[in-house]
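Scroll down for the structure; my scribbles are underneath it.
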Amino acid sequence: MTDHTPPTRREVLKPVELVVISAILAAFVGLTVLLSTRQPLLAVIFFGIAFIVSLVITAMFALTFKPNEAETQEMNDDDEAGTGGASRPYLGPGPKAH
């Protein structure tokens, strides 16, 4: 079997970082709308819209980053170790034995 290393703390917390950044941006928008219009319902609506938009945009930016050379080498090593050098698509764990 292959040795799977557990994900690093940075890898685990990456989704949390995106959500927190989006929440901070949305809170800024919601607070700005609340202080300028003094309508809490409108501020909540703008908060929700800003949260969703900023979450989608930050997630799309996160997807655009390419892995560096060390990460690419590690992925290539994992592929070669797992398939014996043959390039085959990953089809999942397969059926479980009973």
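Just check region 10-65 against the gyration tensor rule for me: Cα atoms, a ≥ b ≥ c as the square roots of the eigenvalues, rounded for a/c under 1.5, and otherwise prolate or oblate depending on whether a/b exceeds b/c. Because a/c hits 1.5 or more and a/b exceeds b/c, region 10-65 counts as prolate. Taking 0.36 nm per residue of separation and subtracting the Cα-Cα distance, full extension of the segment from Val53 to Val12 would add 12.5 nm.
In order along region 50-67, the phi-based Karplus estimate (6.51 cos²θ - 1.76 cosθ + 1.60, θ = phi - 60°) of 3J(HN,Hα) comes to 5, 5, 5, 5, 5, 5, 5, 5, 5, 5, 5, 5, 5, 6, 7, 6, 8, x Hz; Gly and Pro are listed as x.
Distance between the pseudo-spin-label points of Glu69 and Thr32 (7 Å out from Cα toward the beta carbon): 4.2 nm. If the chain linking Asn76 and Met60 were pulled fully straight, counting 0.36 nm for each residue of separation and taking away their Cα-Cα distance, it would gain 3.3 nm.
A short reminder: the numbers here are calculations on the coordinates, not readings from a lab. Given the structure is predicted, the values throughout are model-derived calculations rather than measurements. All Cβ positions, glycine included, derive from the backbone under ideal geometry; neighbour counts span all protein chains shown.
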